[in-house]
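So the structure is just underneath, and the comments pick up after that.
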Amino acid sequence: MGAMTFETARQRADVIMEIRRFFSGLGYLEVDTPLLSPHLIPESSIEVFASTLLRPDGYRKDLYLVPSPEVWMKPLIAQGYGSIFQICKCFRNGEQQGRQHNSEFTMLEWYTVDSGSEENIGLTEELFRRLIPLGLPEYAYPPFRRLSVDQACEEYAGIVPTDYPEAEDLAEAARGLSLSPAAEETWESVFNRIFVQFVEGALPQDKPLVLYDYPARIPTLAAGRGDGRHSDRWELYAGGFECANCFAEETDYRRVESYFRQEAKAKAASPVPHAVNPRWTEMYRREHPRLSGVAMGVDRLIALTLGKTSIDGVIFFPLCDILDE
Amino acid sequence: MKAGAIDKGTCLLIKGDPFLVVEREFVNPGKGSAFVRLKVKNLINGQVLKPVMKSQDTVEEVNVSDRPCQYLYADDESIHFMDTDSFEQFTVPVEDFDDKRLLMKDGETYTVIMWEDKPIDIKIPYKVVYTVTEAQDAVKGDTVTGATKTVTVETGLTVKVPIFIKQGEKILVNTETLEYVERVND
């Protein structure tokens, strides 16, 4: 990886300061919640880092580095904090270090109360508009192009995966596209094979792209669209990066609890299992505001403002340099 | 082997043909498990494919061997090596390894990867120290912090470096990105 130049360090500081000004100006409260947590939200697609707390009396407790500040920000929403934002370090294990990933990275996460995912597209466009004077290249200018996952799959893979509700049928369709899903592969896994092979690399890059309405078969804490097929969530692609994702947050306690049970089970079999607090979901049993949250990779955003297609050189002491991979 | 263990330089058997992995990137689609995106080159006909595999997929590896060789020189057509065990000299076409030629230093020993007596890859260390052979002095008054200039090193490779780098100095270069890493003091 290239060394961080002073100009890039300055740009980093300027972008982060502008993000703070933007959200503070809109009345969002900045919070800084713990990075070490005794329990996490189970997400089977994310590996985490585990650590151990030691006390002088010999007490030990496993603590985990947060892969996102969600686990602490959502309880603040439940306590009535209103719209909040945070810029913090997050940690994801099991990823290749380099062009797109550093296991320790800077995340911007915000939650907008009384809002759906659509309003947060507008807000993200507004944030990008604010970054134009900092050098944002024209291909990253708002307004964003919008494309549903179904449309994208039809265009670039020639099939609409949500037309195949059964995993085996989707696997058969994938074989027709000369892919080789394993026997008994999950629906989500076959979908991702199709998406990564044909769709993701073919997405238009001349403007930022909001890819919306993901298949409901991918387990997340996003609310359903009500059609049983789609989740109300979007991902933002810009300059070759997956920059941000947004959920209309699920607030129905039955569905949140069901997600927790299902994903906690899947997570228990992962290389770094972590504790899950079953009481975390209790806040949804009380009145909860309608809510939409966005997580945005700040290192990627900074790279974007510099016209770069890699986070190479925009983070101080990246892991692949420290580890000399 | 598992697809997750594939690296650049791995040779795979795909539909009966041997392929060299020239690029490998792990990708995690939004809320999805890990995939490995490959760029592979057919060792027989040069055809390039870009398959995507799940990290847990099983793939078949092709047997290749390492041959330690001294890099002698390159001309317009060939790169000349000498096997350091047998002292046998051999050449490989320049166009096959155009991206490696400017990274190799005369007289240095490199590992050449062989498949059925055919050289298919040359291993270059991730970071290499080169000597700057051509560099213009910084222009007086050009004091913008972080400004860069382009210098040439002994192999002919050109690298963007900070303006304080002078002719004769040694620099560490990342051979994958071809970017300057740091100045090396003797």
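The values are calculated or read from the model by the stated rules, or taken from the named source; none is laboratory data. Since this is a predicted model, take the numbers as computed values, not measurements. Don't worry about glycine lacking a Cβ; one is built from the backbone with ideal geometry, like all the others, and counts go over all protein chains shown. To get the accessible areas, we keep the full protein, side chains included, count just its heavy atoms, and leave off ligands, DNA and RNA. Shrake-Rupley method; radii C 1.70, N 1.55, O 1.52, S 1.80 Å.
What do you reckon, is A:ILE84 aliphatic (A, V, I, L, M), touching a helix residue (DSSP H, G or I) at 6+ places or on another chain (Cβ under 8 Å) and away from every other protein chain (no Cβ under 13 Å)? So A:ILE84 passes the test.
Matching residues to (1) open to solvent by 40 Å² or more (accessible area, probe 1.4 Å); (2) not assigned by TED's automatic domain parsing to the domain that holds B:LYS15:
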{"site": "B:MET53", "(1), (2)": "no, no"}
{"site": "B:GLN56", "(1), (2)": "yes, no"}
{"site": "B:GLN70", "(1), (2)": "yes, yes"}
{"site": "B:GLU77", "(1), (2)": "yes, yes"}
{"site": "B:PHE81", "(1), (2)": "no, yes"}
{"site": "B:THR91", "(1), (2)": "yes, yes"}
{"site": "B:GLU95", "(1), (2)": "yes, yes"}
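Within the set B:THR10, B:THR58, B:THR91, the sole residue that is over 30 Å from A:ALA295 (Cα atoms) and either within 14 Å of another protein chain (Cβ to nearest Cβ) or touching a Gly at 6+ places or on another chain (Cβ under 7 Å) (or both) turns out to be B:THR58. Note on the stretch A:46-60: among residues that are within 21 Å of the chain's Cα centre (by Cα) and not β-branched (Val, Ile, Thr), the one that is nearest to the other protein chains (Cβ to nearest Cβ) is A:GLU47. Within the stretch A:250-283, restricting attention to residues that are free of Cβ contacts under 8 Å to residues at least 40 places away in the same chain and aliphatic (A, V, I, L, M), the residue that is farthest from A:ASP62 (Cα to Cα) is A:VAL256. Selection within the stretch A:164-199: residues that are among the hydroxyl-bearing types (Ser, Thr, Tyr) and open to solvent by 20 Å² or more (accessible area, probe 1.4 Å). The member of this set that is farthest from the other protein chains (Cβ to nearest Cβ) is A:TYR164.
Scoring A:GLU43 on the criteria (1) under 18 Å from A:GLU104 (Cβ atoms); (2) more than 14 Å from every other protein chain (Cβ to nearest Cβ) leaves a single failure, condition (2). Pairs are defined by a Cβ separation below 8 Å, a sequence spacing of at least 6 or placement on different chains, a first member in the stretch A:131-155 that is closer than 18 Å to A:ASN192 by Cβ, and a second member that is in a loop (DSSP other than H, G, I, E, B); the pairs so defined are A:LEU147/A:LEU203; A:ASP150/A:VAL160; A:ALA152/A:LEU203; A:CYS153/A:ILE159; A:CYS153/A:VAL160; A:GLU154/A:VAL160. Considering the stretch A:7-40, the residues that are open to solvent by 40 Å² or more (accessible area, probe 1.4 Å) and more than 28 Å from A:GLU126 (Cα to Cα) include one that is nearest to the other protein chains (Cβ to nearest Cβ), namely A:LEU35. Of all positions in the stretch A:99-115, at least one carries a residue that is crowded, with 17+ Cβ neighbours inside 10 Å, in contact (Cβ under 8 Å) with a residue 60 or more places away in the chain, part of a loop (DSSP other than H, G, I, E, B) and away from chain B (no Cβ under 14 Å). Restricting the search to the stretch B:14-41, which residues are within 13 Å of B:VAL52 (Cβ to Cβ) and of a type in the set (Lys, Arg)? Correct list: B:ARG24, B:ARG37, B:LYS39.
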